[in-house]
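Student: Structure in structure tokens, see below.
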Amino acid sequence: MAYHLLERNREGGRRLATTLIDAMDHIGHCEKCRTLSEQDLCPICAHPGRDESTLCIVESPSDVNAVEQATGFKGLYFVLMGHLSPLDGIGPEDIGLDNLKDRLKKEEIKEIILATNPTVEGEATAHFIAQLAQSLNITATRIAYGVPLGGELDYVDSETLSRAFLGKREM
Ligand SMILES: [Zn+2]
């Protein structure tokens, strides 16, 4: 990209550089859900119409956007900014679980939805948080990963299909 801008669009490159510097200087973390935010509270946490009894837990700010766009979820979020990874020295405090525990104790949260990635680390993180929630008598649910809409079972890999079965929810 740097070569392209140098060869063809130095003005655009300058604008991009200014925008990036501005973002680096002004974008911090929401003090409630930890997502990237220009304000102390992100627009979702600050919105009075959100359902405060449900908390969706995701690994990254882009996951918040994905859930917002793909689902009708109206609750609040908690963004881990990563996942548990003991081999890399990433423990519960590094992904904000002490903050999460405070929220679960202080707020009227009835259910947490674990929407971490379907990787080994994501599953382990979801399991750890589910135990934390259950110790505080809060329901923990895991989103189901599954078969794409319009897809045929034949074309879905067996791991996905097996997870879709394991993750089935009462309807
Ligand atoms: Zn927030």
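The values are calculated or read from the model by the stated rules, or taken from the named source; none is laboratory data. From a predicted model like this one, the values you see are computed outputs, not experimental measurements. Glycine also receives a Cβ, built like all others from the backbone with ideal geometry; neighbour counts cover every protein chain displayed.
Student: Within segment 32-45, identify whether any single residue is free of Cβ contacts under 8 Å to residues at least 24 places away in the same chain, away from the ligand (no atom under 14 Å from the Cβ) and of a type outside the set (D, E, K, R), and answer yes or no.
Tutor: No: zero hits.
Student: Sticking with this structure for a sec: Identify all residues within segment 49-107 that are among the acidic types (Asp, Glu), in contact (Cβ under 8 Å) with a residue 40 or more places away in the chain and either on the phi > 0 side of the Ramachandran plot or not in a loop (DSSP other than H, G, I, E, B) (or both); write none if there are none.
Tutor: Once the filter is applied, which keeps residues that are among the acidic types (Asp, Glu), in contact (Cβ under 8 Å) with a residue 40 or more places away in the chain and either on the phi > 0 side of the Ramachandran plot or not in a loop (DSSP other than H, G, I, E, B) (or both), segment 49-107 yields GLU52, ASP63.
Residue-by-condition table, conditions (1) under 20 Å from ASP94 (Cα atoms); (2) over 13 Å from the mean Cα position of the chain (by Cα); (3) at pLDDT below 95; (4) not aromatic (Phe, Trp, Tyr):
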residue	(1), (2), (3), (4)
MET1	no, yes, yes, yes
ARG14	no, yes, no, yes
ALA46	no, yes, no, yes
VAL64	yes, no, yes, yes
VAL67	no, no, yes, yes
THR71	no, yes, yes, yes
LEU76	no, no, no, yes
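Student: If LYS110 passes every condition in (1) touching a residue at least 12 places away in the same chain (Cβ under 8 Å); (2) within 16 Å of the ligand (Cβ to nearest atom) but one, which one does it miss?
Tutor: Result: LYS110 fails condition (2) only.
Student: Starting from residues that are part of a loop (DSSP other than H, G, I, E, B) and either among the small types (Gly, Ala, Ser) or near the ligand (Cβ under 8 Å from one of its atoms) (or both), keep the ones in segment 18-31 and report whichever is surrounded by the fewest Cβ atoms within 10 Å (Cβ to Cβ).
Tutor: Per the criteria, the residue is GLU31.
Student: Just one of the numbered conditions (1) free of Cβ contacts under 8 Å to residues at least 12 places away in the same chain; (2) under 19 Å from ARG34 (Cβ atoms) is not true of ALA115; which one?
Tutor: (1)
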